[in-house]
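The values are calculated or read from the model by the stated rules, or taken from the named source; none is laboratory data. What you see is a predicted model; the values in this text were computed from it and never measured. Cβ placement follows ideal geometry from the backbone for every residue including glycine, while neighbour counts extend to all protein chains displayed. Just the protein is used for accessible areas: all its heavy atoms, side chains included, with ligands, DNA and RNA removed. Shrake-Rupley method; radii C 1.70, N 1.55, O 1.52, S 1.80 Å.
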Amino acid sequence: MAEAVVGMPISRVDGRLKVTGGARYAAEFSAKRMTYGVLVLSTIAKGRIAEINTAAAEKSPGVLRVITHRTGLQVEMPADVKALVDPQVGRPLPPLQDDRVHYHGQPIAIVLADTFEHATHAASLVTARYDEAKAVLDFAQAASQRFPPHEMETDRGGEKSSHYERGEPEQALATAEVTIEATYTQPDEYHNAMELHNTIAAWDGDKLTLYDKTQWVNNVQKQVAAAFGIDQGDVRVISPFVGGAFGSALRAWVHVYIAALAAKLVDRPVKLVLTRAQQYTVPGYRPHTIQKVSLGATKDGQLTSIVQEATAQTSTYEEYTESTLSAPRFLYACPNVATRYYLAAMNVNTPASMRAPGEATGVFALDCALDELAYALRVDPLELRLKNHADEDPYKNLPWSSKSLKECYRRAAERFGWSKRNPQPRSMREGRVQVGWGMATATWPTHRMPATVLVRLLADGSAQVRTAASDIGPGTYTAMTLIAADALGLPTARVKFDLGDSRMPQAPVEGGSMTIASVGSAVHAAAIAARHKVLALASADKASPLHQAHAAGVRVTDGRLSLISDASQGETYTEILKRHRQESVEVMQESKPGEEQKQYSMHAFGAHFVEVHVDEDFGTVRVARVVSGFAAGRIINPKTAHSQAIGGIVGGLGMALLEECIRDRRNGRVVNANLEQYMVPVNADVPALDVFFVDEVDKHVNPLGAKGLAELSLVGVAPAIANAVYHATGKRIRDLPITPDKLL
Ligand code: MOS
């Protein structure tokens, strides 16, 4: 079999398992004496539970137990073991610990029964009487009491302040030759992954095993252990497959603790799968955000001032913040910049990271504002961006580790045919359909965290590679197999890569588009080390044709090490290990970021060009064409990278045109907590997406030279579409999603 190397498009190594049902997701595991849990949720937005009636449920067929706050198993939520995925201020929702209700849809009880159906029925029989208090349910009301967050943790570049300023932004605005000011809003949006959140909790004495939908097994392990006051080593979290998460499974939400608590109380394994409706109030969502952008520029289009302000929704018990205002600080060259971030606390569940959190929202406002400025200046929107291209990071005052944004703009514009655009709004038509062209910039930071990987090279010429990472769908199994196979000089079929078990070596969260940079770098390092370890055996061995050979002079192909200078001199891993009577060599290696993080600013960039067709009579918007170019360093597997990129663009299309949570203003209930009324793009909404990658060699980001790709592809899609809609219709919709009613 031919060897696969990094950069070669290969199909998913777990593809067959997935399409044949062989891939096991958390809820598909079984246990003896399993019981099924169903949550009961609050029906008020704020107050106390005065009375909770569980008698009817307890008498219902098959019911084992109904657990409420009165049951009294104390669990201390780990306020002091916050991970980077948790809001740093506030306390997470406690699992059935007290009578307080913070929002509509908060878990107030769990019913355990012998079947899911019995539990579901019994859960419907639980009733509660509340002492209701006045809740904050109106965003405008909450925003009038807005406050700067006590801590911003999302900006990992070192800047912790919610307010940032350079130069004299207000004065520069006042004296600018041309200014625009506009307010943009985006509603709360939900991840809506196919797989529902689910956990199986099984205790064996004081040891707990959790099968969980999670993007970070090591963190669930740590936090659940802390909550139950047990040793971290006594909690095992298993999560080999995740059916999409988009940020919704970064944190361990309250249902995980409830499942563990319930299993402890009944001393039987508990399987808890949320319903689709419960997905909307148990995990988080992208927070409703309102942004005011003011831009100042010279007549010829040089930006002189950017002032961008965001007010984002959070809960009353935690301060969730995100990097909404990071792009305005560095995306364009501008001497005077101010960003101000505020929170508006409401009686809602805590928001969470969702699909390019922060940047998706911040760049939406910024790149729409830039489009407005382009019209005010009568400058082409692409030209305006080129004119204000940041040749180095104006925020960190550092050189970029690499940046190929201009190449993305140029090639995408060319493929799209941008030069044929008539700049006049409402000037392009096809029959009765208005045609509009718009564009925007994409950007995403290149994060990296420490990761540890175990590589075992076996005497049969195969390799085992493992680390406690997750694969939420992007193709992590495949990319890691490819990286290991490449470094070991083995065909991918001889490399077995495993992840998703907290007993494996530690890995970071699969979030922030940093898995390749973090885990991939560690896989690469550990595989190289394992290969060197085998070579060392041969090199020290007089009987080996590789006696005294150095690593730099040896290559490995199809499991055979040979001299680069003379391929006839060599032997296989198998020959070397067998002669040394070793079943395997094993290497456990950590790989982590270093000084380069302080020397360079690391981001991936891209550009989106979009054509929309708008029906003037009905106000319906169709995305007709998308051309997107991305520069994200080295692309490990172009096939799955392409899938990720088109997936991100589809997510951006949903954000632009469809996705919106609707809450009942009287009680805070999510009205459209289902996939019928919460709309996400379907195939009929998505045209052919023309995606390409710009070759980019980055020697600084990490040993692989790979930047984060996934979330990059979503950033800039919504503004490109909004800008195209303006070009088609002459109507500037600043309030997402762009639904027909707003265009009529
Ligand atoms: Mo992503 S929103 O970092 O899972």
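Summary table below
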{"quantity": "Filter pass, TYR678 being in a loop (DSSP other than H, G, I, E, B) and not polar (S, T, N, Q)", "calculated": "yes"}
{"quantity": "Residue list for segment 393-403, restricted to those being part of a loop (DSSP other than H, G, I, E, B) and open to solvent by less than 20 Å² (accessible area, probe 1.4 Å)", "calculated": "SER401, SER402"}
{"quantity": "Lone qualifier among ALA262, ALA312 - being modelled with pLDDT of 95 or more, within 16 Å of the ligand (Cβ to nearest atom) and either open to solvent by 10 Å² or more (accessible area, probe 1.4 Å) or outside any loop (DSSP other than H, G, I, E, B) (or both)", "calculated": "ALA312"}
{"quantity": "Residue match in segment 548-555 (condition: at pLDDT 95 or above, surrounded by fewer than 21 Cβ atoms within 10 Å (Cβ to Cβ) and within 30 Å of TRP444 (Cα to Cα))", "calculated": "no"}
{"quantity": "Scope segment 328-362; condition within 16 Å of the ligand (Cβ to nearest atom) and aliphatic (A, V, I, L, M); matching residues", "calculated": "ALA352, MET354, ALA356, ALA360"}
{"quantity": "Filter result for THR324 (within 16 Å of the ligand (Cβ to nearest atom), at pLDDT 95 or above and of a type in the set (S, T, N, Q))", "calculated": "yes"}
{"quantity": "Any strands (runs of 3 or more DSSP E) falling wholly within segment 413-510 and containing at least 1 residues that are closer than 27 Å to ARG236 by Cα and open to solvent by 10 Å² or more (accessible area, probe 1.4 Å)", "calculated": "451-458, 463-466, 495-498"}
{"quantity": "Every pair of residues 6+ apart whose Cβ atoms lie under 6 Å, when the first sits in segment 316-340 and is farther than 30 Å from LEU93 by Cα and open to solvent by 10 Å² or more (accessible area, probe 1.4 Å) while the second is assigned to a helix (DSSP H, G or I) and modelled with pLDDT of 95 or more", "calculated": "ASN336/PRO169; ASN336/ALA172"}
{"quantity": "Some residue of segment 125-135 being in contact (Cβ under 8 Å) with a residue 12 or more places away in the chain, in contact with a helix residue (DSSP H, G or I) (Cβ under 7 Å, 6 or more places away or on another chain) and not assigned by TED's automatic domain parsing to the domain that holds VAL509", "calculated": "yes"}
{"quantity": "Unmet criterion (only one of (1) under 26 Å from the mean Cα position of the chain (by Cα); (2) open to solvent by 20 Å² or more (accessible area, probe 1.4 Å); (3) more than 23 Å from GLN215 (Cα to Cα)) for LEU84", "calculated": "(3)"}
{"quantity": "Criterion violated by ASP204 - all others in (1) open to solvent by less than 40 Å² (accessible area, probe 1.4 Å); (2) more than 16 Å from the ligand (Cβ to nearest atom) satisfied", "calculated": "(1)"}
{"quantity": "Qualifying residue in segment 623-635 (condition: in the same structural domain as GLY705 (by TED's automatic domain parsing), more than 26 Å from ASP695 (Cα to Cα) and in contact (Cβ under 8 Å) with a residue 60 or more places away in the chain)", "calculated": "yes"}
{"quantity": "Residue that is in contact (Cβ under 8 Å) with a residue 24 or more places away in the chain and either among the aromatic types (Phe, Trp, Tyr) or not in a helix (DSSP H, G or I) (or both), where the choices are ASN218, ASN192", "calculated": "ASN192"}
{"quantity": "Residue list for segment 458-491, restricted to those being more than 16 Å from the ligand (Cβ to nearest atom), within 24 Å of PRO508 (Cα to Cα) and not small (Gly, Ala, Ser)", "calculated": "GLN464, VAL465, ARG466, THR467, TYR477, THR478, MET480, THR481, LEU482, ILE483, ASP486, LEU488"}
{"quantity": "Residue match in segment 574-590 (condition: without any contact (Cβ under 8 Å) to a residue 12 or more places away in the chain and surrounded by fewer than 15 Cβ atoms within 10 Å (Cβ to Cβ))", "calculated": "yes"}
{"quantity": "Within segment 168-189, tally of residues that are among the hydroxyl-bearing types (Ser, Thr, Tyr) and part of a helix (DSSP H, G or I)", "calculated": "0"}
{"quantity": "Single residue of ARG355, ARG415, ARG426 found to be basic (Lys, Arg), outside the structural domain of ASP86 (by TED's automatic domain parsing), farther than 23 Å from ARG634 by Cα and in contact (Cβ under 8 Å) with a residue 60 or more places away in the chain", "calculated": "ARG426"}
{"quantity": "Unmet requirement for ALA249, which otherwise passes all of (1) in contact with a Ser or Thr (Cβ under 6 Å, 6 or more places away or on another chain); (2) in a loop (DSSP other than H, G, I, E, B); (3) over 30 Å from GLU711 (Cβ atoms)", "calculated": "(3)"}
{"quantity": "Residue in segment 524-540 that is within 25 Å of SER404 (Cβ to Cβ) and in contact (Cβ under 8 Å) with a residue 40 or more places away in the chain present", "calculated": "yes"}
{"quantity": "Evaluation of GLU76 against (1) in contact with a Pro (Cβ under 9 Å, 6 or more places away or on another chain); (2) buried (at least 16 other Cβ atoms within 10 Å of the Cβ); (3) under 17 Å from VAL224 (Cα atoms) (one fails), failing number", "calculated": "(2)"}
{"quantity": "Test: VAL715 is within 19 Å of GLU359 (Cβ to Cβ) and in the same structural domain as SER427 (by TED's automatic domain parsing)", "calculated": "yes"}
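Here's the yes/no breakdown for (1) within 16 Å of the ligand (Cβ to nearest atom); (2) crowded, with 24+ Cβ neighbours inside 10 Å; (3) assigned to a loop (DSSP other than H, G, I, E, B); (4) not assigned by TED's automatic domain parsing to the domain that holds GLN74:
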| site | (1), (2), (3), (4) |
| --- | --- |
| LYS222 | no, no, no, no |
| ARG236 | no, no, no, no |
| VAL256 | no, yes, no, no |
| THR275 | no, no, yes, no |
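Residues checked against (1) aromatic (Phe, Trp, Tyr); (2) at pLDDT 95 or above; (3) open to solvent by less than 40 Å² (accessible area, probe 1.4 Å); (4) not assigned by TED's automatic domain parsing to the domain that holds PRO357:
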site	(1), (2), (3), (4)
ARG665	no, no, no, no
LEU675	no, yes, no, no
MET679	no, yes, no, no
ASN683	no, yes, no, no
ASP690	no, yes, no, no
PHE693	yes, yes, no, no
LEU704	no, yes, yes, no
ALA722	no, yes, yes, no
HIS727	no, yes, yes, no
